[in-house]
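Please treat every number below as a calculation from the coordinates, not as lab data. Note that the structure is a prediction, hence the values are computed from the model and not measured. All Cβ positions, even for glycine, are placed from backbone atoms using ideal geometry, and neighbour counts span all protein chains on display.
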């Protein structure tokens, strides 16, 4: 049981539209017990839409928990059990109006492992075809093009603070520089 914790009890405290909150009692490897607050989340997908000129399509939108407008790559929440590839293609179309010829998996990331079970899957979309956005009724955002190199510089200057955006952009840059 080295570095593992055994769940003794789990009590659901909140059942929301997006998240569920549980309070668990766990047994530690030394036999002691502890409390763990855990958010269950269905996960998400983010997409780096890269055009033929090396520009990334970003979305600028208000993020209520932080009370500010953030610049991010297109992304969305998975439905429980939904295929992440299908979700990514849907979010790309909804938020940017684009479809693509190539949709390459960049891997996944765990944004907040201490208390949240969310996993975000990352994709690189190339061969973009422009169409019409299909935003959700409660979704308001602007699309902006930023060169990939400029986006990487913005990350290093702390101008892009969103974690999924940082990881996916830097992975894309490394992937493309290796080829």
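Among 11-18, 122-129, how do they line up by average Cβ neighbours within 10 Å per residue, starting with the highest?
Numbers: 11-18: 9.2, 122-129: 19.6.
The packing order, highest mean first, is 122-129, 11-18.
Post the alpha-carbon centroid distance, segment 108-151 to segment 34-86, in whole angstrom.
If you average the Cα positions of each part, the centres end up 5 Å apart.
Using DSSP, restrict attention to beta bridges with both residues in segment 1-149 and report what percent are antiparallel, rounded to the nearest 5. Walk me through the numbers before you get to the answer.
Values: 40 of 47 bridges.
Beta bridges within segment 1-149, antiparallel portion: roughly 85 percent.
Provide, in order from the shortest bin, the percent of all Cα-Cα pairs of the chain in each 5 Å bin, continuing until the bin that contains the maximum pair distance.
1, 8, 15, 18, 18, 13, 9, 7, 6, 4, 1, 0
Where Rh is the Kirkwood radius over the Cα pairs of segment 104-167, the temperature 10 °C and the viscosity 1.306 mPa s, what D in µm²/s does Stokes-Einstein return?
Working: Rh = 14.5 Å.
Answer, rounded: 109 µm²/s.
Angle between the Cα long axis of helix 163-178 and the longest principal axis of the chain, 0 to 90 degrees, nearest 10?
Once rounded, one gets 60 degrees.
In a Debye calculation with equal point scatterers on the alpha-carbon sites of segment 18-89 and no solvent, what is log10 I(q)/I(0) at q = 0.12, 0.19, 0.25, 0.26 Å⁻¹?
For the requested q values the scattering log ratios are -0.57, -0.93, -1.12, -1.15.
Suppose the chain between residue 179 and residue 161 were pulled fully straight at 0.36 nm per residue; how much longer would it get relative to their current alpha carbon spacing? Walk me through the numbers before you get to the answer.
On the way: separation 18, 0.36 × 18 = 6.48 nm, distance 2.72 nm.
Length gained, residue 179 through residue 161: 3.8 nm.
Just to be sure I understand: with springs between alpha-carbon atoms less than 10 Å apart, which residue in 28, 89, 109 has the highest mean-square fluctuation in the Gaussian network model of the chain?
Of 28, 89, 109, the most mobile in the Gaussian network model is 28.
In nanometres, what is the gap between the two model label sites at residue 61 and residue 143, each 7 Å from Cα along Cα-to-Cβ?
If labels sit at residue 61 and residue 143, their model points lie 1.4 nm apart.
Stretched out fully, how many nm does the piece from residue 135 to residue 99 gain, at 0.36 nm a residue minus the Cα gap?
11.5 nm
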